Amino acid sequence: MAQTTTSKSGAHGVHAAHEAHHDHHELGFMSKYIFSSDHKVIGIQYGVTALIFLLFGFFLVGCMRWQLAYPGRAIPMIGGFLELLLGKDMAAGGIMQGDLYNAFGAMHGTIMVFLAIVPLAFGAFGNFVTPLQIGAPDMAFPRLNMASYHFYFFGGIVMFASFFIPGGAARSGWTSYSPLATTAQFGQAFNGQTAWLIGMVLLITSSLLGAVNFITTIIQLRTKGMSWMRMPFFVWAQFVTAFLLLLAFPPLEAAGILQLMDNVFHTSFFLPTGLVVNGAQLPVSGGGSPLLWQHLFWFLGHPEVYVLILPAMGIVSEVIANNTRKPLWGYKSMVYASICIGFLSFIVWAHHMYLTGMGTKISTFFQTTTMMISIPSVIILTALFISLWGGSIRFNTASLFALAFLPMFGIGGLTGLPLGFNASDIYLHDSYYVIGHFHYVVAPGTIFGLFAGIYFWYPKATGRFLNETLGKIHFWGSLVCMNLVFAPMFIQGFKGMSRRMYDGGATYFLETDPTALKLNIYITHSAIALGVFQLPFIWNFFASLFVGRKVTNDNPWDATTLDWATPTPPPHGNFLREPVVYRGPYEYSVPGAAKDFTPQNQPT
Amino acid sequence: MEIPYTDKARPDTGLYNAKVGIWLFLASEIMLFGALFSSYIMLRVGAAAGVWPAVKLAWPHHLLNVPIGTFNTAVLITSSVTVVMAWASLKMNNFRRFRMFMVITILCAFAFLGIKSYEYNEKFTHYELRLKDGKAMTGHLEVNGKHPGFWSPSDLWNLPRLTSSNVTEVKFVADPMEGHGGHANHEEMTVKVDEISHLDAFIPRNHTFFAIYFTITALHGLHVLGGALVLAYFTFPGAGMWKTNPEQFTNRIEVGGLFWHFVDLVWIFLFPVVYLL
């Protein structure tokens with residue numbers, strides 16, 4: 001085995017790694033990049049696919065925003081293309097039609113949640129970083145890991161292809177509430193909703209395989225000395241996330257199967273007796289329960305929120321500890337808080353259903369648990385804020401994104417409180433306020449956390465840095481535009497604008513309050529600007545592979561965790577020899593130490 | 001570096017990787033079937049009175065064949081015992097005995113599926129009939145001198161199909177009604193199609209009970225099939241590992257057996273819920 005742990009550069013690094021690992025034969029292109037069972041390659045596959053879906057989801061909402069700002073006006077440039085691709089029913093004369101608006105709305109939510117954010121946060125970062133941070137050679141079940149990506153990929157293909165089947169993609173919201181989801185295209189044997197359900201079953205299978213694999217890996221493959229309380233917070237966040245996916249997704253799979261039965265075999269699981277559609281009674285037996293779908297959906301849907309946020313918190317914690325050169329304040333309370341979040345997230349789901357008439361006693365119960373779950377979230381956020389205190393902060397791009405995450409997620413979280421109280425929710429429910437709230441959590445919250453992670457681990461994955469100047473343009477542009485997009489939505493929500501209006505509320509507000517409509521125009525322009533500010537990132541992401549500044553050291557950020565103790569990029573099998581852990585994860589600026597960081601594998 | 005603990009147990013957890021994996025997988029399976037059972041409860045509790053008019057019940061019950069279901073339960077429990085015996089045989093280093101017990105297990109699995117499809121067939125050929133004068137009954141249908149079966153969808157009849165096929169009358173052998181003093185007479189009658197207000201077989205769309213019954217049992221059946229195929233793989237083409245890595249092979253059988261017990265356990269809950277209650 002080669003003695004050096006410091007490889008010079010990207011291409012050389014790979015080469016050196018292969019030499020170092022000479023018992024491992026050279027792989028062909030297919031088995032190296034397409035059918036790879038290496039957790040790092042799978043992580044990158046997840047990451048690139050998810051980023052493409054992120055862009056696609058943004059494109060969908062871009063078209064919707066145009067329709068909201070300028071109802072009934074053809075979408076410039078894209079409109080004609082949409083008409084060509086999807087037909088006159090969907091985009092006659094380049095004008096977005098109602099059905100298309102509904103389809104784009106439903107698919108924007110689905111794609112962003114299930115095909116972009118979760119795969120990026122869990123599939124990409126979880127896969128790439130978790131085994132490295134616990135000192136494992138790979139995931140516990142590498143081939144399951146590969147299957148997990150392939151299921152995800154096929155799920156994505158099915159979702160994408162559903163735009164082009166007759167009648168278009170699913171159009172009943174990302175929540176697919178029955179009976180609407182079943183009756184919207186009743187009688188069409190294979191419709192967008194059916195495709196949605198098949199796609200979801202594939203995505204759920206992918207998540208389950210991933211979750212089993214992650215938990216097993218973290219329990220079984222921690223290296224020598226890596227006790228539970230020496231695990232980086234990122235690993236804890238992934239661990240709890242994996243449990244949420246493992247236990248919350250199967251009920252949605254059950255719900256999906258039942259709705260598939262409703263759509264294809266005309267059962268009535270979610271269809272009540274005497275349902276009349278278009279003036280005719282539906283030829284089904286009835287006797288089902290629309291509320292049942294909502295219960296099953298939100299039993300996943302709420303833990304899913306924490307699936308979105310926990311990995312981002314994990315990434316932000318790593319980046320903040322590294323860039324403040326200080327240990328995380330309250331590491332243990334953060335760990336316990338994330339476990340609490342995990343448990344509580346299973347008993348808050350019905351706060352999405354206050355207006356369904358399920359009863360005030362049940363509403364009160366879920367209001368109480370909802371207020372309880374905000375406590376551990378606040379503990380984590382507070383610990384991260386206090387971690388900044390007295391640090392000498394390095395303001396690189398990764399650090400900026402992580403720092404911006406804190407107030408942005410704070411806004412998202414705090415604006416959720418009025419929605420958790422069932423009295424104030426009666427007014428705010430289904431308004432733009434809700435949209436503003438959860439986008440603050442996910443867009444400038446989670447996505448900023450993910451960007452921080454990309455800028456932070458890119459040098460480890462590729463051997464080159466991302467460009468800092470482009471990164472800062474990306475950061476400041478995104479930060480300003482995100483706020484210009486989402487903050488006005490709170491105002492629109494207070495004014496009572498429904499989130500489902502195809503004309504942006506024109507019919508509702510034109511007489512009473514035209515200022516709310518002006519906001520639509522501002523938001524749309526900000527959204528376009530937000531898209532423009534992603535261009536430097538896209539360029540940076542690909543160009544830096546070839547022209548980025550080379551990494552001269554395996555640990556370019558002077559970090560303490562084991563992911564930086566590997567060669568760059570890490571070879572198959574990750575570590576040249578089995579690492580041994582002697583200390584906790586965040587020994588920064590330890591008084592009396594030789595340097596301001598003491599890696600976990602440095603012997604005492 | 002190789003992945004550790006693929007065959008040996010990790011000292012501090014006492015488990016090898018696959019065993020942790022299968023327990024986690026089973027936890028997710030419990031959530032899957034748990035959601036379906038919960039749906040069953042919610043649908044049954046919320047069922048409106050008289051939705052299924054043939055028996056004037058909110059929720060049709062006692063429609064399934066209990067003796068056959070009991071026999072099938074016994075078949076599945078037997079297979080659960082033999083799969084443990086197979087694993088124990090490997091631990092005692094007796095490959096021939098292992099193979100014998102595995103073959104019994106797999107045969108039990110297919111026997112279970114065969115019996116289940118016989119039961120499905122019974123339901124698909126059983127009809128609910130409502131007449132315009134308010135009479136309602138269940139029984140067997142004869143159209144054009146043939147008793148429709150299950151194996152081809154063209155055998156499935158309902159009112160719109162009778163009308164569009166220009167069938168004017170059908171024969172109907174009604175089931176003995178409850179409360180007739182135990183006279184188990186099957187009443188055969190001829191029914192004119194224009195007197196019928198509703199006709200449908202005992203298929204998922206007929207009633208939410210059949211919908212959930214077929215969905216859960218079919219999903220369970222898929223688990224039986226999948227489990228049987230994996231066990232069959234271990235018994236024949238995959239058995240070569242016994243020569244190269246007996247420890248990991250034994251672990252595989254243990255993990256497969258755990259899944260098999262789970263499949264059995266789901267049925268232990270399913271049987272009373274849909275057959276007896």
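Any read-out appearing in this document is the output of simple, stated calculations on the displayed coordinates, not a laboratory observation. Given the structure is predicted, the values throughout are model-derived calculations rather than measurements. Here the Cβ is made from the backbone with ideal geometry for all residues, glycine too, and neighbour counts use every protein chain on show.
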Inset, instruction - Quick one: grab the alpha carbon gyration tensor of chain B, order the square roots of its eigenvalues as a ≥ b ≥ c, and give me rounded if a/c is under 1.5, else prolate or oblate depending on whether a/b is larger than b/c. - result: prolate
Legend entry - Shape call, region A:103-164: gyration tensor on alpha carbons, a/c limit 1.5: oblate
Inset, instruction - Taking amide H positions as placed in the peptide plane 1.01 Å from N, state which residues far from A:Ala140 in sequence (5 or more) or on other chains have amide H under 5 Å from it. - result: A:Thr217
Inset, instruction - Sort out for me the Cα centre separation of region B:187-262 from region A:472-490, rounded to whole Å. - result: 52
Legend entry - Neighbour-count ranking [beta-carbon atoms within 10 angstrom, fewest first] of B:His61, B:His140: B:His61, B:His140
Legend entry - Ascending count of other beta-carbon atoms within 10 Å, so fewest first, for B:Ile68, A:Ile380: B:Ile68, A:Ile380
Inset, instruction - Taking DSSP loops as anything outside H, G, I, E and B, show the longest stretch in chain A free of GluC sites (Glu not before Pro) there with at most 12 other beta carbons within 10 Å. - result: A:27-510
Legend entry - Euclidean distance between Cα centres, region A:247-278 to region B:70-138, Å: 28
Legend entry - Average partner coverage of A:397-408, which counts Cβ from other chains inside 10 Å: 0
Inset, instruction - Using +1 at the Cβ of each Lys and Arg and -1 at the Cβ of each Asp and Glu in chain A, identify which of A:Ser176, A:Leu258, A:Gly301 lies farthest towards the dipole's positive end. - result: A:Gly301
Inset, instruction - Could you work out which residue, out of B:Pro60, B:Pro11, B:Pro176, moves most in a Gaussian network model of chain B, that is, has the largest mean-square fluctuation with Cα springs under 10 Å? - result: B:Pro11
Inset, instruction - For region A:217-228, just list the computed ³J(HN,Hα) in residue order, Karplus coefficients 6.51, -1.76 and 1.60, θ = phi - 60°, integers in Hz, with x standing in for Gly and Pro. - result: 4, 5, 6, 9, 9, 4, 6, 4, x, 7, 6, 4
Inset, instruction - Find the relative contact order for chain A and round it to a whole percent, using C-alpha pairs within less than 8 Å whose residues are 6+ positions apart. - result: 18
Legend entry - Share antiparallel - DSSP beta bridges, the protein assembly as shown, percent rounded to 5: 95
Legend entry - Neighbourhood net charge (10 Å Cβ-Cβ; Lys/Arg +1, Asp/Glu -1) for A:Leu208: -2
Inset, instruction - Take peptide A:569-580, look around each residue's Cβ out to 10 angstrom, count Cβ atoms belonging to other protein chains, and average those counts. - result: 1
Legend entry - Calculated FRET efficiency for the pair B:Thr13/A:Thr360, C-beta based, R₀ 41 Å, to 0.05: 0.35
Legend entry - Simple label model, 7 Å out from Cα along Cβ direction - A:Ser424 to A:Tyr336, nm: 2.9
Inset, instruction - Set Lys and Arg Cβ to +1 and Asp and Glu Cβ to -1, take the dipole of chain B about its Cα centre, and tell me which of B:His61, B:Thr78, B:Val273 lies farthest positive. - result: B:Thr78
Inset, instruction - Can you put A:Thr267, A:Thr273 in order of Cβ neighbours within 10 angstrom, beginning with the fewest? - result: A:Thr273, A:Thr267
Legend entry - Sum of -39500 (n - 2.57) over DSSP H runs of 4+, divided by residues of chain B (222 nm, nearest 500): -18500 deg cm²/dmol
Inset, instruction - For the protein assembly as shown, just say rounded, prolate or oblate: build the C-alpha gyration tensor, square-root its eigenvalues into a ≥ b ≥ c, call rounded for a/c under 1.5, and beyond that prolate if a/b exceeds b/c, oblate if not. - result: oblate
Legend entry - Cβ-placed point charges (K, R +1; D, E -1), dipole of chain B about Cα centre in debye, nearest 20: 740
Inset, instruction - Assign unit charges at the C-beta atoms only (+1 for Lys and Arg, -1 for Asp and Glu), then state the dipole size of region B:125-277 relative to its Cα centre in Debye, rounded to the nearest 20. - result: 420
Legend entry - Test item: A:265-277 mean partner chain Cβ contacts at 10 Å: 4
Inset, instruction - Only Cα pairs under 8 Å and at least 6 apart count here; give the relative contact order of chain B as a rounded whole percent. - result: 22
Legend entry - Furthest towards positive pole of dipole, A:Ser392, A:Leu275, A:His437, structure part chain A, Cβ charges: A:Ser392
Inset, instruction - Report ³J(HN,Hα) in whole Hz for each residue of region A:132-143, in order, from the Karplus equation J = 6.51 cos²θ - 1.76 cosθ + 1.60 where θ = phi - 60°; Gly and Pro get x. - result: 5, 6, 9, x, 9, x, 5, 6, 5, 10, x, 6
Legend entry - Total charge dipole magnitude, chain A, about the Cα centre, Cβ charges on Lys, Arg, Asp, Glu only, Debye to nearest 20: 920
Legend entry - Between region A:570-591 and region A:329-369, the alpha-carbon center distance in angstrom: 36
Inset, instruction - Any chance you could count the Lys pairs in chain A whose alpha carbons are under 23 Å apart, treating pairs 8 or more apart or on different chains as valid? - result: 19
Inset, instruction - Could you tell me how many degrees, from 0 to 90 and to the nearest 10, lie between the Cα long axis of helix B:208-235 and the main elongation axis, the longest principal axis, of the Cα atoms of chain B? - result: 30
Legend entry - Full-extension gain in nm, B:Asp194 to B:Tyr233, via 0.36 nm per residue minus C-alpha separation: 8.5 nm
Inset, instruction - Take chain B, connect every pair of alpha-carbon atoms lying under 10 Å apart with a spring to form a Gaussian network, then pick out the residue of B:Leu57, B:Leu129, B:Leu76 with the largest mean-square fluctuation. - result: B:Leu57
Inset, instruction - Mind pulling the angle between the C-alpha long axis of helix B:66-91 and the longest principal axis of chain B? Nearest 10 degrees, somewhere in 0 to 90. - result: 10
Legend entry - Between helix A:432-441 and chain A: long-axis angle, C-alpha atoms, 0 to 90°, nearest 10: 10
Inset, instruction - Over region A:49-161, calculate the relative contact order: mean separation of alpha carbon pairs under 8 Å at least 6 apart, over the residue count, as a percent. - result: 28
